[in-house]
Structures are given as C-alpha cells and as structure tokens.
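Presented below is the structure to which this report refers.
The values are calculated or read from the model by the stated rules, or taken from the named source; none is laboratory data. Note that the structure is predicted; figures quoted are calculated from it, not measured. Cβ placement follows ideal geometry from the backbone for every residue including glycine, while neighbour counts extend to all protein chains displayed.
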Amino acid sequence: MSLYQEHRRRFLQVLSEERVAAIIPTATEKTRNHDCHYKFRPDSDFWYLTGFAEPESVLVLLPDWNHEDKAHSVLFLRERNKEMEIWDGKRLGVEAAPQALGVDAAFSIEQLWTELPKLLKGYEQIMVRTGNDEAFDRQFQSMLSGLRARARKGVEPPVAILDPAPWLHELRLHKTLGEIENMRKAAAITAEAHVAAMAQARPGKMEYEIDALLDFTFRKNGSTGQAYNSIVAGGANACILHYVENNAELREGDLLLIDAGAEWDYYASDVTRTFPISGSFTEPQKAIYEVVLRAQETAVAAVQPGVPTKAVHEAALHALVDGLIELGLCHGTREEVLEKETYRDFFMHGTSHWLGLDVHDQGAYTEDGESRPLAPGMVLTVEPGLYVDPENDQVDAKWRGIGVRIEDDVLVTESGHENLTAAIPKTVAEVEAACQANWESVA
C-alpha cells in the first residue's frame, strides 16, 4: 500500500465514522502574466490523499457504511489527449489511473458534474472545502440546487455541507513514517544548500547570487523546489522578517540571514541560519548570536511528548529576555520585561509552527481552549530571533542593524525529539569554520 493509499484509508475511516462523503479538488492553474502560468503545485490536501500532481483533478471518497456496492475512492482527471500532450506534457489518463494510483475508479474530469450526483446519492452529509475556487463553488452550488429540486421525486439531497479541515488536517498533523522519511530527505537537501551558501557568501556578492545557489542545490538533488520564497537578507535587511527582495550587495562586516528550505515530494523543510559574510563574527554580533543560540537550544530541548506547545515558545522567550537584560538592551527583571513586553522591540514573533506539506502546516494549536500537548509524529519549527532596528536610537550604535534568527525542524518522538536539521552548522565555531571552508578557492 502506498503512502497516499494509507492516507486515504485513514481518512475513509474518519468519513465512515462521521457517515459523510468527501470531495477534494486539487489546486487550479494560476496565471503569472498574459498567457503564462506559474509552475503548477497540487493542493496539499489533494496531494496528501492521492500523490497525483496533475491539474484539473477531483478526488471523491465514499465510505461504505451504507454503500458497500460503491467504490471507496473515485478520481476525476484529464483524458489522454495526444495534441495537448505534445504541447504540455504527458497525462496519466483515466484508464491508467486506478492501477497507477490505487483508486477504485476513475472518470474524465468532463464527467464530474454529471457523475457526482449519482455517487453522492444517499449521503446526507458532504465534506467539501469552498472558497478556494469560485468556478468550482458555483458548479457545486448548482449541483446542490439540482438535487434539491428533485426532492419531490424521492431523491434525498444532502442536508449538511462540512469543511473537511478539522478532520483531514488533524490527520496531516500526525506524520506517518513515510512522511517523516520525506521530511528527512528535504532536510538533508536543505542542509547541503545552507552549507554551500556559508562557503560561497562573501563581500561583493549579491543576495540574489546566494538565492540562486540555494535553488540550484535544491533542484540538483531532485527536490520539488523551494518550500517558500527564500529569504537572503544581508546586514540590516535581516531585521525585515519576510524580506524577499534579495537584491542587495553583501558587505564586509555584516551578517547574512538565510531562511530557506527545500521540498521533497512537496513535503517542506524550513531552516534559518545567520552567519558572518566576512567569515568571523564581530563581538556585538557574536554576543547577540549566542543569546539566540542559547534560546534556540533551550527551546529545542523543551520539545517532548506531552509538553504543551506554548511551552516551547516560553522556553525560548525566557532565555531571550535573560539575554537582552544581560546585553543591556532591556532593563529590569525578567518578570518586569515580560509584563511590560519591552522585549517585543527585539523579538516580535512566535517560536514555532507546524511543518509538513505546507511550510506553515495545517493542524490546531489548541484543544478545548488550551495549548495542545505535543505528540509523537508532530513536526514543528523552533526559530527564536533577535532583531535590532537600524533606526533604534535608544540602544548603543554597535547593536543597530543586527538581525539573528536560528531555526531547525524538530520531530516529536516517543521518547523526546529528533532535530531533522541538526547537521547544519549552528555553534559559533561551526558557523565560522563553514564560512571559511572555501575562502581561498572562491576569493
């Protein structure tokens, strides 16, 4: 059984318990400009259940609680078309889909709105996520109206439309062994890219050169591409949290913050490292870096099964506040700084988010209004940082424009955690050695 068949089996079990059918469309192609499209990327929920990357596809899942004569999984997809395949590439086609993907039946996507009412007959509830594709929503509503119009002829229409997210995204939050292996592969490629960037970055190069190196390293290793737009932020640009222009020159004496991760079969990694462009940290840079490193390592250590999710953030925050006080950037006791939130001038974001098919992956962070406990199979980032605004005249000039973030991808295990990205240099000594590794040959 493939990874995706197992996912369908698990979701069908949920659907059977809820006595509901599900309709999961993939993403639509997006226009980049005029008649050119962005590279297609399947919808994450659809990919999770199919492993199928063609556009114009819809998966229908029909639990057998009351319909043993019906197929469990039905895929609607494009027909083979020789002329279109000459222009746009090979298609799987309807005939090959059941064997290739393990679905029970397949139809042409052109038949969706005629076959769907037949497949949904007898189901009082349907799971379908609306709001992502206006055209799909209109056709779905039209189909429902048609079913309701036939009620007097004994055709019972669905009485409830449910969002699949609470059920499907809870499954996605708990990674299977196959998913974890995909994320390990993404992490290994990301590690190679970050180490290459440390060796190649030096004064006079441009941020976009390092951006290109990252992307090249991802793709040459078979990655499905960037998990998100890479951040390559030299100097004070690192104080812009989502800086993606990546068009400035790298300068002597500055730091370079890189937030970049590869995908493997669309499973994401998400890593940040900060390192000296000239090969060695200055004393102010080193002081801030070591505060962030201490906070990051403390937070990673806090990742344990049963620990509330918020505890990871609190561990990082407390360590950062202690460091800010030591450096003289915040004043008072830890409790006073936390109460007044003066630390937010330097640390203004959370420490973690779920990671998986989406870089900010699906899944609830709370249960019954409380921070949910971590459980084996969950993967989260741990990414504290400190950012000193270059225009902050309330602090000594030596600190201004320094931005440091350190981020790893951490799997919760039965006995603790596994840092999936631990191979990427992180201590001051490791980072400086990686930066100087190729200095003579590239200078």
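Annotations
Here's the yes/no breakdown for (1) touching a His at 6+ places or on another chain (Cβ under 9 Å); (2) of a type outside the set (A, V, I, L, M); (3) buried (at least 16 other Cβ atoms within 10 Å of the Cβ); (4) free of Cβ contacts under 8 Å to residues at least 60 places away in the same chain:
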position	(1), (2), (3), (4)
107	no, yes, yes, yes
131	no, yes, no, yes
184	no, yes, yes, no
188	no, no, yes, no
191	no, no, yes, no
199	no, no, yes, no
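- The residues in the stretch 12-39 that are crowded, with 16+ Cβ neighbours inside 10 Å and more than 27 Å from residue 60 (Cβ to Cβ) can be counted, and the count is 0.
- Any hit, the stretch 291-302, residues being farther than 14 Å from residue 382 by Cβ, surrounded by 18 or more Cβ atoms within 10 Å (Cβ to Cβ) and in the same structural domain as residue 342 (by TED's automatic domain parsing): yes
- Every condition in (1) in a loop (DSSP other than H, G, I, E, B); (2) surrounded by 19 or more Cβ atoms within 10 Å (Cβ to Cβ) holds for residue 74 except the one numbered (1).
- For the stretch 202-232, the set of residues classified as touching a Phe, Trp or Tyr at 6+ places or on another chain (Cβ under 7 Å) and at positive phi consists of 225 only.
- Test: residue 282 is surrounded by fewer than 24 Cβ atoms within 10 Å (Cβ to Cβ), more than 23 Å from residue 437 (Cα to Cα) and either modelled with pLDDT of 95 or more or not assigned by TED's automatic domain parsing to the domain that holds residue 395 (or both): no
- Hey, residue 205 over 30 Å from residue 411 (Cβ atoms), more than 23 Å from the chain's Cα centre (by Cα) and modelled with pLDDT of 95 or more or not: yes
- Contact annotation: no residue pair with Cβ atoms under 9 Å, 6 or more positions apart or on different chains, pairs a residue in the stretch 26-47 that is in the same structural domain as residue 227 (by TED's automatic domain parsing) with a partner that is modelled with pLDDT under 95 and outside any loop (DSSP other than H, G, I, E, B).
- Answer residue from the stretch 358-411, given it is among the polar types (S, T, N, Q) and either surrounded by fewer than 15 Cβ atoms within 10 Å (Cβ to Cβ) or in contact with a helix residue (DSSP H, G or I) (Cβ under 6 Å, 6 or more places away or on another chain) (or both) and is farthest from residue 323 (Cα to Cα) among those: 362
- Search result, residues across the stretch 333-355 that are polar (S, T, N, Q) and touching a Leu at 6+ places or on another chain (Cβ under 9 Å): 342, 351, 352
- Any hit, the stretch 416-433, residues being assigned to a loop (DSSP other than H, G, I, E, B), within 30 Å of residue 235 (Cα to Cα), of a type in the set (Gly, Ala, Ser) and touching a Lys or Arg at 6+ places or on another chain (Cβ under 9 Å): no
- You will find that of 120, 162, the residue that is within 28 Å of residue 362 (Cα to Cα), surrounded by 14 or more Cβ atoms within 10 Å (Cβ to Cβ) and at pLDDT 95 or above is 162 and no other.
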